[in-house]
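The values are calculated or read from the model by the stated rules, or taken from the named source; none is laboratory data. Given the structure is predicted, the values throughout are model-derived calculations rather than measurements. In this analysis, Cβ positions are derived from the backbone assuming ideal geometry, glycine residues included, and neighbour counts consider all displayed protein chains.
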Amino acid sequence: MDRIRGLLGERILEMTNPAVRRIFLTLAPQDLVWALGRLKADMGYWHLSTISGVDLGDAFEFLYHLTDDLPGSLHVRTRTPKAEARIPSICSVIPGAVLYEREVQEMFGVVVENIPDNRRLLLSDDWPDGQHPLRKDWKHVRPEEKIPGGKS
């Protein structure tokens, strides 16, 4: 943890070590790309296993789950207000993040700035705009079932 603190300094908003070889740190969205670049270059955190997110009501929180060459994991947390939901793309540091970022865009409705490919990934092309299934305020409306030859 001291090495990470020395590398990122005051940009770290919070850092915890809840279990052996497991570190969680919180960064502001504007520091995310720079910090992940430093963690990759200086400490070998090069593999992004996924980006997970949660709707907190007034904000979204995203966790970037990283691993390095040693057995251990680093989880980088950032939050963005729901009213202006934006996070930067980290594809300049970890190109494979584009798939996770596309998922974040369509499932949460968060704008991922400078994403190299913003096409839909999971939802169908005819999915209604403004409908984001992982938001707490999203309501699923089941279409009326129509059975061919069945009763109306």
Legend entry - Number of the exception - V104 against (1) buried (at least 19 other Cβ atoms within 10 Å of the Cβ); (2) more than 21 Å from L13 (Cα to Cα); (3) in contact with a Leu (Cβ under 8 Å, 6 or more places away or on another chain): (3)
Inset, instruction - Only residues that are surrounded by fewer than 13 Cβ atoms within 10 Å (Cβ to Cβ) and in contact (Cβ under 8 Å) with a residue 40 or more places away in the chain: list them for the range 51-73, please. - result: G57, L70, P71
Inset, instruction - Name the single residue, out of those in the range 83-129 being among the basic types (K, R) and within 14 Å of the chain's Cα centre (by Cα), that is farthest from A59 (Cα to Cα). - result: R102
Inset, instruction - Any residue in the range 111-131 that's in a loop (DSSP other than H, G, I, E, B) and surrounded by 14 or more Cβ atoms within 10 Å (Cβ to Cβ): show its pairings with residues that are modelled with pLDDT of 90 or more and of a type outside the set (D, E) at Cβ separation under 6 Å, as long as the two are six or more apart or on different chains. - result: I115/S89; L121/R102
Legend entry - Filter result for Q30 (buried (at least 19 other Cβ atoms within 10 Å of the Cβ) and not hydrophobic (A, V, I, L, M, F, W, C)): no
